[in-house]
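Just below is one structure, and these are the notes that go with it.
The values are calculated or read from the model by the stated rules, or taken from the named source; none is laboratory data. Just so it is clear, the model here is predicted, and its values are computed rather than measured. All Cβ positions, even for glycine, are placed from backbone atoms using ideal geometry, and neighbour counts span all protein chains on display.
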Amino acid sequence: MIISGWGMYPKIESTVLRFETEQALANLIGEYYGLVPRGNGRSYGDSALSPVTVDVKPKNYFLSFDESSGLLHVQAGALLSDILEIFVPKGWFLKITPGTKLITVGGAIASDVHGKNHHIEGCFSESVKEFRIVTANGTIINCNRESTPDLWKATCGGMGLTGVILDAKIYLKKIKSQYINQVTIKTKNLKETFDAFEEFKDKPYSVAWIDCLAKGNAMGKSLLMVGDFSGEGGLGYQLKPQKTIPFNFPSFTLNKLSVKAFNELYYGKVRKKVTKQQVDIDAFFYPLDAIGHWNRIYGKNGFTQYQFILPKVHSYDGLKEILATIADSGKGSFLAVLKLYGKANQNWLSFPLEGYSLALDFKIEKGIFQLLDMLDRIVLKYGGRIYLTKDVRVSRKTFEKGYPQIDTFRQFRKEHGMDKKFQSLQSKRVGI
Ligand SMILES: Cc1cc2nc3c(=O)[nH]c(=O)nc-3n(C[C@H](O)[C@H](O)[C@H](O)COP(=O)(O)OP(=O)(O)OC[C@H]3O[C@@H](n4cnc5c(N)ncnc54)[C@H](O)[C@@H]3O)c2cc1C
């Protein structure tokens, strides 16, 4: 069948393997080479693309829950939304969640995803006690930090290249309400945006939308949203039906003018410097999930997300240079999300490091890869790196410079026969 990532680029023909039992999965792994596990296909680029893929999504049962510790044992194909639907009404929430709830637990571990609270709570793996994984020779390993530290460091953030995760034990956190006290701070430029992040760095959650087309004195103007869970309002959470974009928009729909108009409206509708509101979980954590197939607005050629992170000491200078380059190119992005990150963990390919990250969506069109190559050079100049789970085009050289543990990861894969067994288009491109 034809498959793609969320960016709808590239689209490839793949033999999609499904399995009933763990033994059947071990047999498939014995039989095939160059396969990659696949969750809900929400990674943007080619991380979950290969001529042979293993579909883990149907394996989505809940296995047990310990009310005293909040430890949930769940199969790797379960979506975060499945967990929220059952557990928010009981007063539990995910410790770490990305900006969509439509991803699997296996995908969350493999990308070691992070959310608006990385500066306080770290990556998804920080909420995982252990997981079971089928590796290259078909054996099932119960992996945790103590018993198999290298397999842990290679798998969390390892983009499915060490094996197929079957199930995981993850800690949930207690909440009293499904509402968040949100404060929105409107800033006039990048300096104010950074100052606001620092001022509110003790708030558990923070994220800024940034106008990436603003130039001169207004460069970096933003809406910073910070929040924490309220104690009031109840736990009556229900998954809402999505409105759906029914077809691919014509590719001229999104251009510099429409992005500029959107940015002005979005920024302009917030009148005050500081606005306080109470919003629910979906509005605060998952605004994009309200619209199904929103990826179709970029047209049939698809889009890519460019996400990089810079160490804190260089974040301000690096971002200034990158925003200036984007504004000059005129290739704007509706979505331009700036986040603050805390300390890096030990996992070999986890993306976060202490600093700031910016994520931008770009339509696939003429000149876009040249622009992103230019941005890569600035990212490297300031000691940063690119996020694999969003990427579809980074070169081997750029990738390697950003990830100093890459040789350890490569060596580990080779020693355990994973390098030939598990491959994605991305792993071949960046040479891992
Ligand atoms: C709207 C939107 C917002 C997002 N926001 C964020 C964010 O805030 N922070 C963030 O970190 N990410 C974010 N992401 C990215 C997303 O969280 C990751 O790409 C995630 O890994 C997707 O999970 P998936 O189940 O769809 O996996 P897929 O896209 O199918 O696969 C992703 C990777 O996981 C591997 N994998 C999947 N399942 C398994 C398994 N069972 N065993 C081993 N490997 C497996 C695949 O091989 C692949 O390398 C966002 C994505 C979207 C679309």
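Some points to look at:
- Close pairs from the stretch 113-133: first farther than 17 Å from I103 by Cβ, partner near the ligand (Cβ under 8 Å from one of its atoms) and not in a loop (DSSP other than H, G, I, E, B), Cβ under 6 Å, at least 6 apart: R132/L166; I133/I165
- In the stretch 73-93, the residues that are surrounded by fewer than 21 Cβ atoms within 10 Å (Cβ to Cβ) reach residues that are of a type in the set (D, E) and at pLDDT 95 or above with C-beta atoms within less than 9 angstrom, at least six apart or across chains, in these pairs: H73/D66; H73/D167; K90/E67.
- Scanning the stretch 174-191 for residues that are more than 24 Å from I96 (Cα to Cα) and in contact with a Lys or Arg (Cβ under 8 Å, 6 or more places away or on another chain) returns K186, T187, K188, N189, L190.
- Residue within the stretch 58-65 that is surrounded by 24 or more Cβ atoms within 10 Å (Cβ to Cβ), at pLDDT 95 or above and under 21 Å from the mean Cα position of the chain (by Cα) present: no
- Test set (1) over 28 Å from L224 (Cβ atoms); (2) touching a Cys at 6+ places or on another chain (Cβ under 7 Å) - G332 fails condition number: (1)
- Residues of the stretch 22-47 classified as away from the ligand (no atom under 11 Å from the Cβ) and not in a helix (DSSP H, G or I), total: 3
- Members of the stretch 222-236 that are in contact with a helix residue (DSSP H, G or I) (Cβ under 7 Å, 6 or more places away or on another chain) and crowded, with 19+ Cβ neighbours inside 10 Å: S222, L223, L224, G227
- Among (1) buried (at least 19 other Cβ atoms within 10 Å of the Cβ); (2) within 16 Å of the ligand (Cβ to nearest atom), the one test that C212 misses: (2)
- Single condition S50 does not satisfy, out of (1) within 9 Å of the ligand (Cβ to nearest atom); (2) crowded, with 21+ Cβ neighbours inside 10 Å; (3) closer than 19 Å to C156 by Cα: (3)
- Residue match in the stretch 187-198 (condition: loosely packed, with under 14 Cβ neighbours inside 10 Å, under 25 Å from the mean Cα position of the chain (by Cα) and within 30 Å of A76 (Cβ to Cβ)): no
- Criterion applied to Q346, Q277, Q370 was being closer than 17 Å to V113 by Cβ, away from the ligand (no atom under 16 Å from the Cβ) and either acidic (D, E) or loosely packed, with under 15 Cβ neighbours inside 10 Å (or both), and the one residue passing it is Q346.
- Matching option when the condition is hydroxyl-bearing (S, T, Y) and more than 13 Å from the ligand (Cβ to nearest atom), among T139, T100: T139
- Lone qualifier among E321, E354 - being modelled with pLDDT of 95 or more, away from the ligand (no atom under 14 Å from the Cβ) and touching a Pro at 6+ places or on another chain (Cβ under 7 Å): E354
- Selected residue [within 13 Å of the ligand (Cβ to nearest atom), within 20 Å of E354 (Cβ to Cβ) and at pLDDT 95 or above] from L388, L425: L388
- Pair list, Cβ < 9 Å and 6+ apart or interchain, from the stretch 1-21 residues that are within 17 Å of R393 (Cα to Cα) and more than 12 Å from the ligand (Cβ to nearest atom) to residues that are of a type in the set (S, T, N, Q) and modelled with pLDDT under 95: Y9/N301
- Considering only residues in the stretch 53-80 that are hydroxyl-bearing (S, T, Y) and part of a loop (DSSP other than H, G, I, E, B), the one that is nearest to the ligand (Cβ to nearest atom) turns out to be Y61.
- Residue count, the stretch 108-136 (criterion: of a type outside the set (A, V, I, L, M), within 7 Å of the ligand (Cβ to nearest atom) and closer than 18 Å to M418 by Cα): 1
- Within the stretch 135-158, residues that are closer than 15 Å to I29 by Cβ sit with their Cβ atoms under 8 Å from residues that are within 13 Å of the ligand (Cβ to nearest atom) and among the basic types (K, R), at 6+ positions apart or across chains, in these pairs: A136/K421; I140/R132; I141/R132.
- Enumeration of residues in the stretch 33-61 that are among the aromatic types (F, W, Y) and touching a residue at least 60 places away in the same chain (Cβ under 8 Å): Y33, Y44
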